[in-house]
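A.B. asks: Below is one structure. I have some questions about it.
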Amino acid sequence: DMPPLVIAGRPGWGCGWFRRALQEKETWSRVFFLNYVPDDDLPGLYAGARLFLAPSLYEGFGLTVLEAIAAGCGVIASDIPVHREVGGDVVRYVDATDHGGWRDAIAEELKDCGPVPAIDRARGFSWLRHAEQYLNILRGIDDAG
């Protein structure tokens, strides 16, 4: 049985073709558009997901990928540097414009018994750890001057 497709977030520019393409499929009744989801609701959404897809062409940090990993959700992300930095070897990467590659990656992931939680990867990204690293950089600059 195919799980539902849940699409969260405000629709982006030029995505009308995607919605129209979905409407033409017999599985349209299993597609849900949530639009904006409050931050407090995201952990439950990630935890209840079988897969999280991040097909971004551009990202500043890749926080959504990190949040999905922390929730133990399997992740397929576009093959951009920021996703590789955040996801390491626990994420499956696909070229953002390779529609067939996305289809195949999703099908393979859904055939598996389920994703292996990658929470240890997410623990490596803590606010405290990054604040300490930043402080060390500032101390190095101060010591150099």
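The values are calculated or read from the model by the stated rules, or taken from the named source; none is laboratory data. In this text, all values refer to a predicted model and were calculated from it rather than measured experimentally. All Cβ positions, even for glycine, are placed from backbone atoms using ideal geometry, and neighbour counts span all protein chains on display. Note: accessible area is taken over every heavy atom of the protein model, side chains too, but ligands, DNA and RNA are not part of it. Shrake-Rupley method; radii C 1.70, N 1.55, O 1.52, S 1.80 Å.
A.B. asks: For region 91-101, just list the computed ³J(HN,Hα) in residue order, Karplus coefficients 6.51, -1.76 and 1.60, θ = phi - 60°, integers in Hz, with x standing in for Gly and Pro.
C.D. replies: Couplings: 10, 8, 10, 9, 4, 4, 9, 8, 4, x, x Hz.
A.B. asks: What is the sum of charges, Lys and Arg at +1 and Asp and Glu at -1, for the other residues whose Cβ falls under 15 Å from the Cβ of Ile80?
C.D. replies: Net of charged neighbours comes to -3.
A.B. asks: When the Karplus curve 6.51 cos²θ - 1.76 cosθ + 1.60 is applied with θ = phi - 60°, which whole-Hz ³J(HN,Hα) does each residue of region 20-35 get, with x for Gly and Pro?
C.D. replies: 4, 5, 5, 5, 7, 8, 5, 8, 3, 5, 9, 10, 10, 9, 8, 6
A.B. asks: Once amide H atoms are placed 1.01 Å from N in the peptide plane, what residues at a sequence separation of 5 or more from Val94, or on another chain, have their amide H within under 5 Å of its amide H?
C.D. replies: Ala77, Ser78, Asp79
A.B. asks: For region 1-114, with every protein chain kept in place, what is the accessible area per residue (1.4 Å probe, Å²)?
C.D. replies: For region 1-114, the solvent-accessible area averages 65 Å² per residue.
A.B. asks: To continue, here is another question. Would you calculate the separation in nanometres between label points at Glu108 and Asp41, each defined as 7 Å from the Cα along the Cα-to-beta-carbon direction?
C.D. replies: My value for the distance between the label points is 3.3 nm.
A.B. asks: Amide H neighbours of Val6 under 5 Å, counting only residues 5+ apart in sequence or on other chains, H built in-plane at 1.01 Å?
C.D. replies: Phe32
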